[in-house]
Structure formats: structure tokens, C-alpha cells
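The values are calculated or read from the model by the stated rules, or taken from the named source; none is laboratory data. Keep in mind that this is a model prediction, so the values were computed, not measured. Positions of Cβ are backbone-derived with ideal geometry, glycine not excepted, and every protein chain shown enters the neighbour counts.
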Amino acid sequence: MSQLRIGIIGCGGIANAKHLPALANMGDLGAMTAFCDIIPERAELAAKQYGAAGARTYTDYRQLLEDSSIDVVHVLTPNSSHAVITVAALEAGKHVMCEKPMAINSQEARTMLDAAKRTGKKLTIAYQNRFREDALMLKEACSDGYLGDIYLAKAHAVRRRAVPTWGVFMDKEKQGGGPLIDIGTHALDLTLWCMDNYKVKSVSGSVFHKLKDQNRGNLFGPWNPAEFEVEDAAVGWIKMENGATIYLESSWVLNTLDVREAMTTLCGTQGGAEMHAVSGKPALRLNREIYGKLVEIKPEMNSSIPYYGSKVMTEGDREARQWLESVLEDRQPLVKAEEAYMVTRILEAIYESSATGKEIILS
């Protein structure tokens, strides 16, 4: 197979912001031949801008899945429909990239895992922040043992005033939650991936509904408090089987100046690492002791990755290329569905812990 045929289910914000432009740059690997959205005009516009010649449009994803020529499907719909569409696509013989989070709860995420194993098709979740330069470098440093045994971490997903006022972000039924499941999921994924530790012992958490009526000063304009059904902030305390501990913080609205999103801080026995931002762009600081002196290293980020050559690529481009190559070369994608499943279990446990006031033990 020289070129994959790709179907897009969901042609809204995340499709146009990331997936469609990235896939359009992957013409050597695949072409978008089908587009589906419940709003027909969105599917038609996407097909016109990004589709191959003769690309078809649908309003029912089941009709798109009936096309046996489609090899790969991207599921880019609200969270509540991720599982049902992904399972249907896998059973229709398609490889699937599903937007994050994997699902709104672990039970639905498990059906996706089971379907992938049953059908033998590939399933990955769109955690594109793994493909940032700072993340790739940090992962390599962790894998090489530069930090030693990582025993303490912080997963950062904090906005001061940046509630997304479009789409269904504030709709609890369709999204499953607010900032914890929306952006906390990215920070947690990065942290677990860098630590390479998915053996969770217990989870405690607190979820807050404190500031939904304070809608002034929002980056995306004032929201309607009556529509704000999800939390405005949440925190979690995650204990691993080996004693390592992760503190997860997430917010759309929080009175703080320590604002960081999709970042992690790692503390190991040989050194530490901290993701932060410089002029709005992700950066990385490594720290350790050398010959009795404390040293801080600030690597330069230049938007190119050695194994992709000198061409400047976004994290969305790298995510798309790696995914399509994994299908064509029949190898495991970088983001494994089992890893995304554990992220979903932890987020679910934080919500449960807050609701019950108890520590949640994960087997």
C-alpha cells in the first residue's frame, strides 16, 4: 500500500486547527477522501479545502464507514461519541486515530481497547504534545537515565482565565468534564509517558465549581454562567506502585499567576527537569549537581527534529506523519491505546474521589 485513504469524522474546531492542515502536508503518505459532520456545510467546506479529487461528504458516520476503500479514520467529535464511533470504525476494518481524551470514562475506553484487540486494527489517541521538541528531548533524557529514578512529578494544566466558549466544552454530558478532562489529560499523559510508569496504586482528588459566575477578563470573551456545567478547576494526587507520586493541577479559571499548560516537572535521583514557556513558546530546563556545583541547562529549541530532517514541522505534523507511517509500516504508534486508557482511568478516579471524599484504589 503506497498511500492511505483517510476518512474524517467531525469537521469542527480541532479538525481545522490541527488534523486537516497536518494531513494535507502528508500527501506522500495519504489522502483525505471522505468527510463527515452533522453540519453538512462543515463537511463540504473541509472536502473543498483539503479533500482529494472526488472526495465524498456525509452527515452520518455509519455511511462513511461502509466505504471499504477507506483505510484510516480520524474521530474528531465531542468526547461523548468517541467510543461508539471508534468501535464502529475498528469493526468496519479501519485503523483509528481518536482525539483526546480517549473517552468520557474508563468503561467506554475499555470497549475501544477491546475492539482494537479483537479486530487487529491500530488505535491511537491524539496526544500531540508528545511531539513537541521539548517533550521529545525530555523523553530521550528520561530514557537515557539522565534524571535517574523519577519519584516526584507535577503535571501542569493551569489557565488563569481561558474558558473555551465555543462548541460543547462547557456541556458536561457531551464532554464528560471541564479542564481536567480537556487539558489536564495532556499534562498527565506527558508526565506518565516521560516517567514510563503506568502502574498506579491510588488516586485522590478535588474538583472545584467556584468561579463560574466570574466571567469577566476571559481570553475568549465572557461565557454564559448558566451554560457552565463543568468544573472550573481540579487537582489530583496520584500514587504509583513503586512509591512515585504525581500532583496534577488543572484549571480554566483560577486566581493564580503560575500559568502553564501541557507541561510537566520531573524530579529524579540524578537530576530534574521542568517544562515552562519563553515568549509563549514551550521551553525546557534541566538541572542537576555536577562536581559539587548546581547546574541548570537550557537547551535551544529550533523547530526541527533530527530524524525528520531540517524541515520545520509542527507537533501536529509530526503526530500525523508518525501515525500514518505506523500504519503503512505495520508498527506500533507512539501513543499506545493502553497508555491513554490509564490516563482516562486516573481522570475518572479524580472525579470519583472528589465526589465521594475517598481515596480511590486502582488495581
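Kindly provide the set of residues from segment 1-31 that are among the aliphatic types (A, V, I, L, M) and under 22 Å from the mean Cα position of the chain (by Cα), ordered by number.
Result: Ile6, Ile8, Ile9, Ile14, Ala15, Ala17, Leu20, Ala22, Leu23, Ala24, Met26.
Among what's in segment 133-157 and is closer than 24 Å to Asn255 by Cα and under 15 Å from the mean Cα position of the chain (by Cα), pick the residue that is surrounded by the most Cβ atoms within 10 Å (Cβ to Cβ).
Across segment 133-157, the extreme among qualifying residues is Ala155.
Any chance segment 225-235 includes a residue that's surrounded by fewer than 18 Cβ atoms within 10 Å (Cβ to Cβ) and in contact with a Ser or Thr (Cβ under 8 Å, 6 or more places away or on another chain)?
no
Restricting to segment 106-125, give me the number of residues that are out of contact with any strand residue (DSSP E or B) (no Cβ under 7 Å at 6 or more places or on another chain) and not in a loop (DSSP other than H, G, I, E, B).
Residues flagged as out of contact with any strand residue (DSSP E or B) (no Cβ under 7 Å at 6 or more places or on another chain) and not in a loop (DSSP other than H, G, I, E, B) within segment 106-125 amount to 12.
If the requirement is being in a strand (DSSP E or B) and outside the structural domain of Asn79 (by TED's automatic domain parsing), which of these qualifies: Tyr198, Tyr247?
After applying the criteria, what remains is Tyr247.
Given the condition of a type in the set (D, E, K, R), assigned to a helix (DSSP H, G or I) and closer than 26 Å to Met301 by Cα, answer yes or no: does some residue in segment 151-172 qualify?
Scanning segment 151-172, I find no residue that is of a type in the set (D, E, K, R), assigned to a helix (DSSP H, G or I) and closer than 26 Å to Met301 by Cα, so the answer is no.
Only one residue in Ala103, Ala52 is within 17 Å of the chain's Cα centre (by Cα) and either at positive phi or in a loop (DSSP other than H, G, I, E, B) (or both), so which one is that?
None of the other options fit; the residue is Ala103.
Could you run through segment 265-282 and say how many residues are small (Gly, Ala, Ser) and in contact with a helix residue (DSSP H, G or I) (Cβ under 6 Å, 6 or more places away or on another chain)?
Looking only at that region, the number is 1.
Residue by residue, here is whether (1) among the aliphatic types (A, V, I, L, M); (2) farther than 25 Å from Pro101 by Cα; (3) at pLDDT 95 or above; (4) surrounded by fewer than 21 Cβ atoms within 10 Å (Cβ to Cβ) holds:
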{"residue": "Ile9", "(1), (2), (3), (4)": "yes, no, yes, no"}
{"residue": "Leu20", "(1), (2), (3), (4)": "yes, no, yes, no"}
{"residue": "Asn25", "(1), (2), (3), (4)": "no, no, yes, yes"}
{"residue": "Phe35", "(1), (2), (3), (4)": "no, no, yes, no"}
{"residue": "Gln63", "(1), (2), (3), (4)": "no, no, yes, yes"}
{"residue": "Ser68", "(1), (2), (3), (4)": "no, yes, yes, yes"}
{"residue": "His74", "(1), (2), (3), (4)": "no, no, yes, no"}
{"residue": "Thr77", "(1), (2), (3), (4)": "no, no, yes, no"}
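Got a sec? Which strands (runs of 3 or more DSSP E) wholly within segment 253-363 have at least 2 residues that are among the basic types (Lys, Arg) and over 26 Å from Leu76 (Cα atoms)?
Qualifying strands (runs of 3 or more DSSP E): 281-290.
Do we have Ala46 as buried (at least 19 other Cβ atoms within 10 Å of the Cβ), touching a Lys or Arg at 6+ places or on another chain (Cβ under 9 Å) and at pLDDT 95 or above here?
Taking the combined requirement at face value, the residue does not satisfy it.
Check whether at least one residue in segment 280-301 is farther than 30 Å from Asn25 by Cα, modelled with pLDDT of 95 or more and among the hydroxyl-bearing types (Ser, Thr, Tyr), and report yes or no.
So far as segment 280-301 goes, yes, one or more of its residues are farther than 30 Å from Asn25 by Cα, modelled with pLDDT of 95 or more and among the hydroxyl-bearing types (Ser, Thr, Tyr).
Could you please find all residues in segment 25-41 being out of contact with any Asp or Glu (no Cβ under 6 Å at 6 or more places or on another chain) and either closer than 11 Å to Arg321 by Cα or aromatic (Phe, Trp, Tyr) (or both)?
Met26, Gly27, Asp28, Leu29, Gly30, Phe35 - these are the residues of segment 25-41 that are out of contact with any Asp or Glu (no Cβ under 6 Å at 6 or more places or on another chain) and either closer than 11 Å to Arg321 by Cα or aromatic (Phe, Trp, Tyr) (or both).
Which numbered condition trips up Ala234, out of (1) under 30 Å from Leu123 (Cβ atoms); (2) aliphatic (A, V, I, L, M); (3) out of contact with any Phe, Trp or Tyr (no Cβ under 8 Å at 6 or more places or on another chain); (4) assigned by TED's automatic domain parsing to the domain that holds Met195?
The single condition Ala234 does not satisfy is (3).
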